[in-house]
Amino acid sequence: MAIRIVTEANHCLQCKKPLCREGCPAHTPISQVIALFKENKLMEAGKMLFENNPMSLVCSMVCDHMAQCAGHCVLGRKDQPVHFYEIEKFISDAYLDRMTTEGAKPYNGKNVAVIGSGPAGMTVAFILAWNGYGVTIFEEKDRIGGMLQYGIPDFRLPKTILDRYKARLLELGVKIRPHVVMGGDLMIDNLFRDGYKSVFIGSGVWRPSTLGIEGETLANVHFGISYLARPASYVIGHTVAIIGMGNVAMDVARTAFRHGAQRVMLFQRGSKSPASPHEMEYAKLDGAEFIFGKSIQRITAQGPVFKNSVLNEDGRPIGVEGEEEFVPADTTIIAINQHPKDKLVNTTHGLEAGPRGLIIIDENCMTTREGVFAAGDVVHGSLTVVHAANDAKTAANSMMRYMEKDA
Ligand SMILES: Cc1cc2nc3c(=O)[nH]c(=O)nc-3n(C[C@H](O)[C@H](O)[C@H](O)COP(=O)(O)OP(=O)(O)OC[C@H]3O[C@@H](n4cnc5c(N)ncnc54)[C@H](O)[C@@H]3O)c2cc1C
Ligand code: SF4
């Protein structure tokens, strides 16, 4: 491991215009981090990574690196690119345990409420707490992390990482209130009543999209994101049919194999999968079967029923044809998409959402309600950890400017 990452670091050309950085949605200063690492300045390198993106350790493990940093590295044009994420993982893993609160600003008397403890909420909490704001996170679930805790499976992202993040947040003075549903138990108006100067919404997308077809309420039918939250509480049998072929569907398939499934089939209406190639490759290695061009018609207690899709020249479905085809399966899992729950919008005066329930923001991440900011999946729909963290950084900086004006 040590030899490998040193080799990777030595491989880097220290480009004047590093394309790797352009390929990273968080614009990670990759060449500078590598230079510090080569000078044995591990903590300086870790600090640089953390300040740029507090989710650096998570990103080193779950980003689609071939679509981002490694995929853009100039060396990859003719040979192997620098696999920076391996170096990043080593540095950020060490830094997360050794970072201190030295340099953090003292409490400035202003309190901020953060709704949701996913990558967006955690990023805002780290930045604001570091800058002297009193931060309270309101989280609906019992543990922090959002989709890192309840979506991405343990075999891809060990949950102990989130305990370490929690410890660092607490050290910075962040307060965490678990089991509180904002827009249910408490309202955003209650937060302003109690003196919070601004509010951040990072509540993500937790409502599974439904198919609107017969059979969705049967006992053998489940939703992918609900299944991933607690796979051990489901009895799925030996044969599992998954409707959908995106990244979430890949995690459902791989988790099902680890919870008793012998055969897992994924069905897609069109001729292409929206999943990242490497996620699909892993699911294939686990034994998943991919079946394209099938449109779901209904679900029975014995399995789903399809018709062949009629596809246009781009491979998109434009209709169905032929006879119905029944596929025997003990369990059918629907993993097509997610969108936000509407509690916050329904209970907050002036807070507006677009047609898909996504919260509307301006260029400073402020919502249509004064003093309320938002970022992450709840704004742009299901995307990635690095996008949530990067947008949350913009939101945190805007919140500080907003609260300074208010001084
Ligand atoms: C199965 C799966 C696999 C994924 N794999 C990857 C991957 O490999 N790489 C990658 O980059 N991205 C991946 N993603 C996407 C990534 O996890 C999300 O883009 C990211 O977590 C979004 O962060 P967020 O903070 O906006 O929201 P979330 O992570 O969804 O966090 C939102 C938090 O808000 C809480 N909350 C919601 N409503 C309320 C309320 N009313 N009151 C209080 N709390 C509330 C929720 O409980 C949750 O903790 C995956 C997603 C899923 C579902
Ligand atoms: S593009 Fe590749 S070689 Fe150039 S600085 Fe980035 S990682 Fe190093």
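Numerical summary
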item	result
Antiparallel %, DSSP beta bridges [both residues in the chain], to 5	35
Average Cα contact separation per residue, segment 210-336, under 8 Å, 6 or more apart, as relative contact order %	33
Summed side-chain charge close to residue 164 - residues other than residue 164 whose Cβ falls under 12 Å, Lys, Arg +1, Asp, Glu -1	0
Fewest-first sequence of 140, 102 by Cβ atoms within 10 Å of each Cβ	102, 140
Packing-based order for 367-375, 3-11, 344-352, using average beta carbon neighbours within 10 Å, highest first	367-375, 344-352, 3-11
Positive-end residue, segment 2-98 charge dipole about Cα centroid, Cβ charges, pick of 76, 33, 87	76
Full-extension gain in nm, residue 405 to residue 310, via 0.36 nm per residue minus C-alpha separation	28.4 nm
Inter-site label distance for residue 156 and residue 301 at 7 Å from Cα along Cβ, in nm	3.4
Backbone HN-Hα couplings from phi across segment 221-230 [Karplus 6.51/-1.76/1.60, Hz, Gly and Pro as x]	10, 9, 9, x, 5, 5, 4, 5, 5, 8
Selected from 224, 212, 184 as most flexible by GNM, with the chain as the system and alpha-carbon contacts under 10 Å	212
Contact order normalised by residue count of segment 265-387, Cα under 8 Å, 6+ apart, percent	16
Cβ crowding within 10 Å averaged over residues, with 355-363, 388-396 ranked highest first	388-396, 355-363
Charge dipole magnitude, Cβ of K and R +1, D and E -1 - the chain, Cα centre, debye nearest 20	760
Pairwise FRET efficiency - residue 40 versus residue 107, Cβ, R0 = 41 Å, nearest 0.05	0.70
Amide hydrogen neighbours beyond the local backbone of residue 369, cut-off 5 Å, H modeled	352
Net charge dipole size for segment 210-336 [Lys, Arg +1 and Asp, Glu -1 on Cβ; Debye, nearest 20]	280
Residue-averaged [θ]222 nm for the chain, counting only DSSP H segments that reach four residues, each worth -39500 (n - 2.57)	-10500 deg cm²/dmol
Length released on extending from residue 177 to residue 394, taking residue separation times 0.36 nm less the Cα-Cα span	75.7 nm
Cα gyration tensor shape for segment 1-155, rounded if a/c is under 1.5, else prolate or oblate	prolate
Reachable lysines, given that their alpha-carbon falls under 21 Å from the alpha-carbon of residue 307 and they are not under 8 places away in the same chain	272, 294
Mean Cα-pair separation over length for the chain, i.e. relative contact order, pairs under 8 Å, 6 or more apart, %	16
Dipole axis of the chain (+1 Lys, Arg; -1 Asp, Glu on Cβ), positive-most option in 137, 104, 115	104
Summed residue charge, Cβ within 10 Å of residue 337's Cβ, Lys/Arg positive, Asp/Glu negative	+2
Under 5 Å, built H, 5+ apart or other chain: amide partners of residue 329	303
Residue 99-residue 6 FRET efficiency (beta carbon distance; Förster radius 30 Å; 0.05 resolution)	0.85
Dipole-positive endmost among 397, 179, 285 within the chain (Cβ charges, Cα centre)	397
Highest-first arrangement of 21-32, 150-161, where packing means the average Cβ count within 10 Å	21-32, 150-161
Rounded to the nearest 20 debye, dipole of segment 177-244 from Cβ charges on Lys, Arg, Asp, Glu	260
Long pairs among 89/197; 89/341; 47/159; 89/343; 105/405; 47/141, criterion Cα-Cα beyond 25 Å	89/197; 89/341; 89/343; 47/141
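Throughout, read-outs are computed from the coordinates displayed, never taken from laboratory work. Here the structure is a predicted model, which means the values were calculated and not measured. With ideal geometry, Cβ positions are generated from the backbone for all residues, glycine too; neighbour counts draw on all protein chains shown.
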